[in-house]
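Below is one structure; the comments refer to it alone.
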Amino acid sequence: MAQKPTFVEDIWYFAAIGTELKPGGMKHVTIAGHPLVVGRKQDGNVFALRDICPHRAAPLSAGKIHGDTVECPYHGWRFGLGDGQCKEIPSMCADQTSPADKIKVRAYPVREDGNLIWVYIAQDKRYAGTPKIDPPQFPMAAKKPVFIERLRLNCHVDHAVIGLMDPAHVSFLHRQWWWRTGGSMHEKSKKFEPRTRGWAMASHAPSSNSLGYKLLGGKPVTEIAFRLPGIRTEDIRVGKKSLLSFTAVTPIDENNTEITQVFFTDFAIVKVLKPLIKKGASIFLNQDGDIIKLQAECLKHDPGLLLIDDADQQAKWYYLLKKEWAKSRKEGRDFVNPVKAKTLRWRS
Ligand code: FES
Ligand SMILES: [Fe+2]
């Protein structure tokens, strides 16, 4: 089931963690082929501009913020942080007519919600200023992140997303004594339902064979959800306390993808065990990264792929969601979620 590798557009992408951008700070990110500088003004507000100076292509992220403008490091042209308008060309003499008001760098809609920063990537820049949708909201993300793990994968975003949502690989690729052992594999039956631009595995008691959950004490309920363009969340609750494991799978370009995993929580035990949990998350992510590296060699031969029922149903839903998203944009109509409520069964 090969799919033309395209990106989801006209949607909010996760771009950065709020605590990583100090006032006056900037960061370069490439999202779905768009080179961006994401930064924070002295007043605390965030901005996102195309990270290529229209003069001679220096990255603005290597420059400096002055008030409401960013100064290019090469010849000092200044651009407004809100609208990307060129405000100043220092090499112009007083009696020369400055072309500045005709020069603009593309500005991207940006939002900060809690500690998550989102940038709206529009296919057509004429629509870039008017997103019709909001970025997803996660109240737990207002808490300080417990840790942030990142991994760059050398694959198209589709392989990273379906690898992340794939329940059948866990017992093999991630087999280790402190999480699951081969002997603990058993049949599972989980209820799935459609959610905004995605689906969720409805609240359930987590796998009894996961040692990690036992540490939280009490009776946890967990909900795992996925939404376009590539956001997976795992929400674990025990009584009033909760843990949000937030994972963003963000395409850099056709052949590179970045996975960011962040934990937000008010469980004291998670904070105490932070070094261990961070280590565990890093081991998991690297196992995924290693198999993707191996898989990338095989994918060069452009093999067909087989998606089976029910273990690969989420991969199928992902492709369906992407297809319907692109179609609804093209036809200028509302998106209709193609996911239908369903119980999926598999062994893991
Ligand atoms: S390249 Fe930016 S001012 Fe010249
Ligand atoms: Fe994995």
At 1.567 mPa s and 4 °C, Stokes diffusion of segment 82-168 via Kirkwood alpha-carbon radius, µm² per second: 74 µm²/s
Residue among T196, T233, T30 with the largest mean-square fluctuation in a Gaussian network model of the chain, springs linking Cα atoms under 10 Å: T196
Farthest toward positive dipole pole in segment 144-347 [+1 Lys/Arg, -1 Asp/Glu at C-beta], among I269, S189, G239: G239
Given K219/K279; K27/K143; K27/K278; K22/K219; K191/K327, the pairs whose alpha carbons are separated by over 30 Å: K22/K219
Normalised per residue, the volume of the convex hull around the Cα set of segment 144-347 (Å³): 138 Å³
Dimensionless Rg over Rh [the chain; C-alpha; Kirkwood]: 1.01
Segment 144-347 - charge dipole about Cα centre, Lys and Arg +1 at Cβ, Asp and Glu -1, debye rounded to 20: 760 debye
Value of Rg to Rh for segment 11-127 (Rh from inverse mean 1/r over Cα pairs, i.e. Kirkwood): 0.98
Virtual paramagnetic centre 7 Å along Cα→Cβ of V336, amide N under 12 Å, in segment 308-330: 324, 328
Selected from S203, S98, S282 as most flexible by GNM, with the chain as the system and alpha-carbon contacts under 10 Å: S98
Extreme residue, positive dipole direction of segment 48-125, given options G82, P109, H55 (C-beta unit charges): H55
Nonlocal amide H pairs with I31, under 5 Å, H built at 1.01 Å: L36
Within straight-line cross-link reach of K300, lysines at Cα separation under 17 Å, skipping those fewer than 8 residues along the same chain: K4
Max mean-square fluctuation residue, GNM over the chain, Cα-Cα springs under 10 Å, options T250, T19, T222: T19
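Every read-out reported here was derived from the displayed coordinates using simple, explicitly stated rules and does not represent laboratory data. Nothing here was measured: the structure is a model prediction, and the numbers come from that model. Don't worry about glycine lacking a Cβ; one is built from the backbone with ideal geometry, like all the others, and counts go over all protein chains shown.
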